[in-house]
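Everything on this sheet refers to the single structure shown next.
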Amino acid sequence: MSKVGDGPLSIFHDWPAERCRLLVRRSFEALPRGGRVMVHEILFNDNRTGPFAAAAFNINMLVMMTGEQYSGREIKGFLAEAGFELKECHRSVCTNRDTALQNKMRTR
């Protein structure tokens, strides 16, 4: 996997769930112990009933791309399956994007 850079990871909405899991596993394998991943996405609430920005963008992703919007719970699950542990999670009040920092705490 090539280096993406030092910016936030905002790619989950581009892919179906299985591809997201693969990308997260590869990211985990590429990072040194203690490395971090920052996720910056428009997130559904855990029930996938809103907010409106996530639902509206999800329609676009479902019609135009192969991906969809996910809830924070779903993305946390992708990351936990790969071995990441949640460090911080911030719901945005100024924008429609939320941010989560994940740490690589153990080696597989």
Q) Pairs under 7 Å by beta carbon, first residue within 16 Å of Tyr70 (Cβ to Cβ) in region 23-45, partner surrounded by 19 or more Cβ atoms within 10 Å (Cβ to Cβ) and among the polar types (S, T, N, Q), six or more apart or different chains? A) Val37/Ser27; Val37/Gln102; Val39/Gln102; Ile42/Gln69; Phe44/Gln69
(Q) Pairs needed: first member in region 66-81, closer than 16 Å to Ala53 by Cα; second member anywhere, among the acidic types (Asp, Glu); C-beta distance under 6 Å; at least 6 residues apart or different chains. (A) Gly67/Asp14; Ser71/Asp46
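Among the strands (runs of 3 or more DSSP E) contained in the chain, which hold 3 or more residues that are exposed (fewer than 14 other Cβ atoms within 10 Å of the Cβ) and either of a type in the set (S, T, N, Q) or at pLDDT below 90 (or both)?
Those strands (runs of 3 or more DSSP E) span 84-90.
The values are calculated or read from the model by the stated rules, or taken from the named source; none is laboratory data. Just so you know, these numbers come straight off a predicted model, no measurement behind them. We place every Cβ from the backbone using ideal geometry, glycine too, and count neighbours over all the protein chains shown.
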